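See structure below.
The values are calculated or read from the model by the stated rules, or taken from the named source; none is laboratory data. These figures come from a predicted structure and were not determined experimentally. As a convention, Cβ positions derive from the backbone with ideal geometry for all residues, glycine included, and neighbour counts pool all protein chains shown. Keep in mind that these areas ignore ligands, DNA and RNA; they rest on the heavy atoms of the full protein, side chains included. Shrake-Rupley method; radii C 1.70, N 1.55, O 1.52, S 1.80 Å.
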Amino acid sequence: MTYNLDGKTAIVTGGASGIGRKTAERFAAEGANVVVADVVTDGGEETVESIESAGGSATFVETDVTDPDAVEAMVQTAVDTYGGLDIAHNNAGIEGETDPVAEQTEANWKQVMDINLTGVWLCLKYELQEMTANGDGDGDSDSDSDGVGGAIVNTSSIAGLSAAGSSAYAASKHGVIGLTRVAATEYAEADVRVNAVCPGVIETPMVEQSAAENPEEIEQFVGMQPLNRMGTPEEIANAVVWLCSDEASFVTGNAYPVDGGFTAL
Ligand code: NAD
């Protein structure tokens, strides 16, 4: 155990796969109770089994992050099952089609924005309502288990900081950073810290699918990461867990690249 999250409760969206699964496993390994949320049931249940077989505590809740009722129910599951909410990783996302702007379909644009940006806003809305329900407003930004305040990390991307990726994807991920900054400033007084992580090319099912469809594009992006390899989901989970821990108690409103040096170039 590196960060003590004993007794805390965490939600992870997109927890059935890739980065979300590793973050959920890592939160649990640090002692947190984890609500695993995803549209995919079998993958979500597998994450819970993996956490439980390692001695941790987790619950799966089928959640489409674009559905306000489902997101509200997801937060309520944390409250009903574990007595509150201290931590959230709003991570569910899709890549969508990669056509240039003029060839982009409206259906793709709306779907990517709905899941990647509106989904993060909906999660923030209900998570912040719960995290501020008993806020003491003393400004000490604690994410401990006293029912006051919390820590949230939203998954953006290097596409939120640069022109990497398609237009809808990049617009949605730039939007996540804007939303993160505003939420951090609005809720600092209520002791809630809000940050974003910006992964580079990470070896997950999302990238495996892109690599199968367009291997040259993935190779090109990996070549633009000075460490010259894909990152692992564990390397993103490491950053998320730190940001959600009390070791990051003075950190809010930031977007952290975890990208093998991509944005340094
Ligand atoms: P992944 O496909 O392995 O996982 C994404 C998860 O999100 C899946 O389990 C999927 O079912 C879930 N999801 C999709 N739509 C949903 C919805 N409407 N409601 C709830 N869950 C939904 O991909 P990943 O690489 O682990 O991606 C996780 C996040 O990281 C995404 O936001 C992605 O944009 C971001 N990201 C990934 C990379 C990368 O290289 N893998 C790079 C930058 C950012």
Report task. Among the residues of segment 187-245, count how many are among the hydrophobic types (A, V, I, L, M, F, W, C) and over 30 Å from Thr132 (Cα atoms). Result -> 12
Query raised in the report: Inside segment 199-245, can you point out the residues that are more than 7 Å from the ligand (Cβ to nearest atom), outside any helix (DSSP H, G or I) and not acidic (Asp, Glu)?
Result: Asn214, Met224, Gln225, Pro226, Leu227, Asn228, Arg229, Met230, Gly231, Thr232, Ser245
Report summary line: Just one listed residue, out of Ala163, Ala159, Ala248, is open to solvent by 10 Å² or more (accessible area, probe 1.4 Å) and either more than 14 Å from the chain's Cα centre (by Cα) or within 28 Å of Ala32 (Cβ to Cβ) (or both), and it is Ala163
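Yes or no, residue by residue, for (1) open to solvent by less than 10 Å² (accessible area, probe 1.4 Å); (2) hydroxyl-bearing (Ser, Thr, Tyr):
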| site | (1), (2) |
| --- | --- |
| Asn195 | yes, no |
| Glu208 | no, no |
| Thr232 | no, yes |
| Cys244 | yes, no |
Query raised in the report: How many of the residues making up segment 55-104 are crowded, with 24+ Cβ neighbours inside 10 Å and either of a type in the set (A, V, I, L, M) or free of Cβ contacts under 8 Å to residues at least 12 places away in the same chain (or both)?
Result: 10
